[in-house]
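What follows is a single structure, written as structure tokens, with notes after it.
The values are calculated or read from the model by the stated rules, or taken from the named source; none is laboratory data. These figures come from a predicted structure and were not determined experimentally. Cβ sites come from the backbone with ideal geometry, for glycine too, and all protein chains shown count toward neighbours. Surface accessibility is based on the protein's heavy atoms, side chains included, excluding ligands, DNA and RNA. Shrake-Rupley method; radii C 1.70, N 1.55, O 1.52, S 1.80 Å.
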Amino acid sequence: MIPFEYLMPATLEEAISRLDPEDPNIRPVGGGTAVMLMMKAGVLRPTRLVSLQRIEDRHRQIEVDEQGALHIGGLATLSSLEHSPVIKKGWPVLTRTFRSLSNVRVRNVATLGGNLAHADPHMDMPPVLTALGARVVATGPSGNREIPVEDLCVGYYETVLARNELISKIIVPPMNDAQAVYFKVTTRAAHDWPALGLAVSLTRSGEAIQSASIVIGAATDRPTRLQQAETMLAGQIPTDQRLEQAGLAASAALDIVGDQHGSADYKKHLLGVYLGRAVRAAMNTTNEAGHEAH
Ligand SMILES: Cc1cc2nc3c(=O)[nH]c(=O)nc-3n(C[C@H](O)[C@H](O)[C@H](O)COP(=O)(O)OP(=O)(O)OC[C@H]3O[C@@H](n4cnc5c(N)ncnc54)[C@H](O)[C@@H]3O)c2cc1C
């Protein structure tokens, strides 16, 4: 292994100052679960790693603001989020999703900021957070800017973040009367990487869908909103026929890519089947943290 510098700054500001907007071999490290795998595989040969482990505790906090929005520090671990009573009460779909993500050893160290910045299209959190209308706060040398999670990833392992910007916070709007589910479709163990991820957040008007946000993961080069399906379902009662049509329209509009979890055709088939299931589950969800297995 080529030797590299390993820094452990005490503040977010100092960490940012040790990153370099021009140098892809200088990287921040949250939990390090993805960074270490990239180094082992030889796709990352850093000259400097900037650990975020010792930066101020406020960047790990979970709070609700006066408007009812959830604020999660970028350095909060996935397990601290999984066990948060505040999240379980107000955003149960997040609690259910955290439980299904990788394994407890990874969740104990992996951070939400690292999960979003990694931009692997198979990640489970970006589709769910996109469906909920969440945004990240990116902090750089000249201050903060907010980016909708929907706009964060621009391709495989690529985000709109500058190399010296850090995700310092994730803000999730209150659910109010929205009902949301995340379907993680795996081909082996339930906590494995998904062959397809499907997040649905909707509001109901009686038996009809008032409006819906539907996001696919693990099948395209980035998490993608299924806008055609959303439009076809808005204001409609989700009959079998409508759901089937929405599934067909969604898969026709997407450039679905196969991988080791399933071919493109298989993923298209899964989308057709699971779009209807996910929408129905969202219509019927009780918004409690305690169920969901697919
Ligand atoms: C065995 C295993 C199974 C897994 N299964 C799943 C799964 O089923 N579903 C799933 O979604 N994920 C899964 N993962 C991925 C895991 O969720 C990610 O590795 C983890 O969330 C990344 O977080 P981290 O803090 O460890 O990131 P790191 O490894 O520290 O960093 C990842 C990337 O983000 C950058 N970065 C880190 N923190 C920040 C920040 N605050 N701001 C800006 N950039 C930052 C780093 O420079 C690096 O490029 C799995 C991982 C493993 C090892």
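The strands (runs of 3 or more DSSP E) found wholly in region 20-88 and carrying at least 2 residues that are modelled with pLDDT of 95 or more and within 9 Å of the ligand (Cβ to nearest atom) occupy 26-29, 48-51. Of the candidates Leu275, Leu198, Leu271, Leu243, the single residue that is touching a Gly at 6+ places or on another chain (Cβ under 8 Å) and more than 21 Å from Met123 (Cα to Cα) is Leu243. Of all residues in region 233-283, those satisfying the criterion of being of a type in the set (S, T, N, Q) and either within 20 Å of the chain's Cα centre (by Cα) or at pLDDT 90 or above (or both) are Gln236, Thr239, Gln241, Gln245, Ser263. Of the residues making up region 91-120, those that are assigned to a helix (DSSP H, G or I), within 7 Å of the ligand (Cβ to nearest atom) and polar (S, T, N, Q) number 1.
The set of residues from region 128-148 being touching a residue at least 60 places away in the same chain (Cβ under 8 Å) and more than 12 Å from the ligand (Cβ to nearest atom) comprises Thr130, Ala131, Leu132, Gly133, Pro141. Against the conditions (1) modelled with pLDDT of 95 or more; (2) over 29 Å from Ile55 (Cα atoms); (3) away from the ligand (no atom under 14 Å from the Cβ), where does Ala199 fall short? Just the number, please. Ala199 satisfies every listed condition except (3). Of all residue pairs spaced 6 or more apart or on separate chains, those with beta-carbon atoms under 8 Å, a first member in region 260-275 that is assigned by TED's automatic domain parsing to the domain that holds Ala250 and assigned to a helix (DSSP H, G or I) and a second member that is open to solvent by less than 60 Å² (accessible area, probe 1.4 Å) and among the hydroxyl-bearing types (Ser, Thr, Tyr) are Lys268/Ser251; Leu271/Ser251; Gly272/Ser251.
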